[in-house]
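All of the numbers you see were taken from the coordinates with simple rules; none came from a lab. Everything quoted here is computed from the prediction, not taken from an experiment. Counting neighbours? That spans all protein chains shown, and the Cβs are built from the backbone with ideal geometry, glycine included.
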Amino acid sequence: MFKVYLADDHAILREGLKAMMTNNTELMVAGESGTGRETIRDIDAGEYDLLVLDMVLPDMDGFDVLMRVKRSRPNLLVMILTLRIDETLAIRLLKSGAVGYAVKAMPPLQIIDAMRRVLRGERFLAPELAAMIASRVSTQQKGSLHERLSNREYTIFIKLASGLSITEIANELHIAPSTVSTHRTHILEKLELTSNADLVRYAVSLESPAYVSE
């Protein structure tokens, strides 16, 4: 039986997935937490086959958790389960070591099936995302300016476009406001923009809802 670890700050979601797996002969929830630090601690101390990871945890960004976990447990499978339907974010996460990207709007049984598929060695993308990426490839769309951003810059770009202040972003990511300001400067330079208003307009113009926050 495969051991699954659930990392999500919504206890009701964890309880729902656990209930769905109660009588499952393939999967069992062997650990869970609502914070990034607890997740990293438990993964380092235990043996799990799959980490189901939310992108927004109260103490750490999902990218940071993914990178820390993959450094200590490179063979651990990680499936993202989040609210965002964002093709650029999904591609970045897959390149950073995740093997699946599911969204919370999917039916619970489809989420469980996604877990099974990644445990069988497949990659999984939510159907909406798969369609977006296929469309981009079929139309041979040129790389967008926001693809120049680093993972950290992209995370801050999303939050700035969502209307969060520098202080609020610093608090969410647990970094100094000055660090956020530096990233903001680099983001504007790479996107060839001059203000937050320009940044919001750019985000709204994207086909994928990169500016939607959880």
Q: Work out Dmax and Rg for the stretch 145-205 from the C-alpha atoms and quote the Rg first, both in angstrom.
A: 10.4, 30
Q) Over the chain, what per residue volume does the convex hull of the Cα atoms give, in whole Å³? A) 116 Å³
Q) Using modelled amide H (1.01 Å from N, peptide plane; none on Pro or chain starts), what sits under 5 Å from the amide H of Leu125, excluding residues fewer than 5 places away? A) Tyr101
Q: Quick one: of Lys3/Lys159; Lys3/Lys95; Lys3/Lys70; Lys70/Lys95, which pairs are farther than 22 Å apart, Cα to Cα?
A: Lys3/Lys159; Lys3/Lys95
Q) Hey, in the GNM for the chain with a 10 angstrom Cα cutoff, which one of Arg41, Arg184, Arg14 fluctuates hardest? A) Arg41
Q. Fully extended, how many nm does the chain gain between His186 and Glu26 (0.36 nm per residue separation, minus their Cα-Cα distance)?
A. 53.0 nm
Q. So between Thr194 and Ile175, what do we pick up on full extension, going 0.36 nm a residue minus the alpha carbon distance?
A. 4.5 nm
(Q) On C-alpha positions alone, give me the angle between the axis of helix 151-161 and the longest principal axis of the chain, in degrees, nearest 10. (A) 70 degrees
**Q.** With Cα atoms, 0 to 90° folded angle of helix 62-72 axis to the chain main axis
**A.** 50 degrees
Q. Which residue, Leu125, Leu109, Leu50, tops the fluctuation ranking in a GNM of the chain built on C-alpha contacts under 10 Å?
A. Leu109
Q. Can you tell which of Ile91, Ile158, Thr39 lies farthest toward the positive end of the dipole of the chain, using +1 and -1 charges on the Cβ of basic and acidic side chains (Lys, Arg; Asp, Glu)?
A. Ile91
Q.
Please list, by residue number, everything in the stretch 74-94 whose backbone N is under 11 Å from a paramagnetic label point 7 Å out along Cα→Cβ of Ser150.
A. none
(Q) I'd like the orientation of helix 11-20 relative to the chain: the angle between its Cα long axis and the longest Cα principal axis, in ° from 0 to 90, rounded to 10. (A) 40 degrees
Q | Cα-projected label distance for Glu38 with Gln110, points at 7 Å along beta-carbon direction, nm | A | 2.9 nm
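What size of dipole, in debye to the nearest 20, comes out for the chain about its Cα centre when the only charges are +1 on Lys and Arg C-beta atoms and -1 on Asp and Glu C-beta atoms?
Roughly 540 debye for the chain.
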**Q.** the chain: calculated mean residue ellipticity at 222 nm from DSSP helix runs of at least 4, using -39500 (n - 2.57)
**A.** -15000 deg cm²/dmol
Q) When only DSSP loop residues count, what GluC sites (Glu not before Pro) in the stretch 161-201 have their Cβ near at most 10 other Cβ atoms within 10 Å? A) Glu192
(Q) With unit charges on the beta carbons (Lys and Arg positive, Asp and Glu negative) and the dipole taken about the Cα centre of the stretch 9-119, which residue among Pro58, Gly16, Pro74 sits farthest to the positive side? (A) Pro74
Q: Assign one of three labels to the stretch 19-121, namely rounded, prolate or oblate, based on the Cα gyration tensor with a ≥ b ≥ c the square roots of its eigenvalues; rounded applies when a/c is under 1.5, prolate when it is not and a/b is larger than b/c, and oblate otherwise.
A: rounded
